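The values are calculated or read from the model by the stated rules, or taken from the named source; none is laboratory data. Treat the numbers as computed from the prediction; the structure is a model and nothing was measured. Note that we place each Cβ from the backbone using ideal geometry, even for glycine, and neighbour counts take in every protein chain shown. Quick note on the areas: whole protein, heavy atoms, side chains included, nothing else; ligands and nucleic acids left out. Shrake-Rupley method; radii C 1.70, N 1.55, O 1.52, S 1.80 Å.
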Amino acid sequence: MSAVTSPLVWEHVQPAAARRLLTGAVDAFAERGFQATTTRDIASRAGMSPAALYVHYPSKERLLFEISLYGHNAALDVLRSADSGSTPADRLRSLVSAFTAWHAEHHTIARVVQYELAALSPDHLAEVATIRRAISAQIEQVLSDGVQDGSFAVSDLPGTTLAVLSLSIDVARWYTPNRGDPDALGKLYADLAHRMVQA
């Protein structure tokens, strides 16, 4: 199970029954996908009746939104904390390493966050999209800084930003704990991303 779905990480969700439903939804959505998951599936994982779900959440989509909001903010926090180093190259490697390791270590929630966006309502999707733009901006700024100091050769900043982010994000699709150490994977992807943009 992803560390992000542990009760301690979700302790801000109160009461405990709402938290159990949320973590049950993370696991169900990751395993079956949003569309194939029923409210009965979620309630069963939480040890509750299907009717109990509606006491805490107005819909299955609202659960997905809460998960998406939390997961995207957690990923953005990881990037902001990792943006350190004296050169654009050091910063890029640090960002990609941390972002990749996060998607491996927390692959359960990351899978839901990254691959179930289409099920969000337009208003909820717009709110999550704002955070996604901030995530992209974090990478694009480092690439831009590298272009300015001559250490990176990037002709298409938005396209290269998407490519770099996609490396890390796709880890959530295939990662399982027996597929390697998250930190080692992060270092590998950091090296690949740096090689992509070197001048």
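Rundown of residues vs (1) within 26 Å of PHE99 (Cβ to Cβ); (2) at pLDDT 90 or above; (3) surrounded by 16 or more Cβ atoms within 10 Å (Cβ to Cβ); (4) not acidic (Asp, Glu), yes/no style:
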position: ALA17; (1), (2), (3), (4): no, no, yes, yes
position: LEU22; (1), (2), (3), (4): yes, yes, yes, yes
position: PHE29; (1), (2), (3), (4): yes, yes, yes, yes
position: PHE34; (1), (2), (3), (4): yes, yes, yes, yes
position: THR38; (1), (2), (3), (4): no, yes, no, yes
position: SER49; (1), (2), (3), (4): no, no, no, yes
position: ASP77; (1), (2), (3), (4): yes, yes, no, no
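Just one of the listed residues (THR37, THR23) is among the β-branched types (Val, Ile, Thr), assigned to a loop (DSSP other than H, G, I, E, B) and out of contact with any Gly (no Cβ under 7 Å at 6 or more places or on another chain), namely THR37.
Counting residues in the stretch 2-17 that are assigned to a helix (DSSP H, G or I), under 27 Å from SER136 (Cα atoms) and free of Cβ contacts under 8 Å to residues at least 40 places away in the same chain gives zero.
Cβ-Cβ distances below 7 Å connect the following pairs, each with a first residue in the stretch 151-177 that is within 20 Å of ARG132 (Cβ to Cβ), a second residue that is open to solvent by 40 Å² or more (accessible area, probe 1.4 Å) and among the basic types (Lys, Arg), and a separation of six or more residues or different chains: ALA172/ARG111; ARG173/ARG111. Please indicate, with yes or no, whether at least one residue in the stretch 121-138 is open to solvent by less than 20 Å² (accessible area, probe 1.4 Å), farther than 20 Å from PRO58 by Cα and in contact with a Gly (Cβ under 6 Å, 6 or more places away or on another chain). No - not one qualifying residue is present in the stretch 121-138.
Just one of the listed residues (SER59, SER94, SER86, SER49) is within 19 Å of the chain's Cα centre (by Cα) and of a type outside the set (Phe, Trp, Tyr), and it is SER94.
Among the residues in the stretch 61-71, are any hydroxyl-bearing (Ser, Thr, Tyr), open to solvent by less than 30 Å² (accessible area, probe 1.4 Å) and more than 24 Å from PRO182 (Cα to Cα)? No, the stretch 61-71 contains no residue that is hydroxyl-bearing (Ser, Thr, Tyr), open to solvent by less than 30 Å² (accessible area, probe 1.4 Å) and more than 24 Å from PRO182 (Cα to Cα).
Small (Gly, Ala, Ser), touching a residue at least 60 places away in the same chain (Cβ under 8 Å) and crowded, with 20+ Cβ neighbours inside 10 Å - does that describe any residue in the stretch 103-112? There is at least one residue in the stretch 103-112 that is small (Gly, Ala, Ser), touching a residue at least 60 places away in the same chain (Cβ under 8 Å) and crowded, with 20+ Cβ neighbours inside 10 Å.
Scanning the stretch 113-142 for residues that are part of a helix (DSSP H, G or I), in contact (Cβ under 8 Å) with a residue 40 or more places away in the chain and either among the polar types (S, T, N, Q) or over 21 Å from TYR189 (Cβ atoms) (or both) yields GLN114, LEU117, ALA119, HIS124, GLU127, VAL128, ILE131, GLN138.
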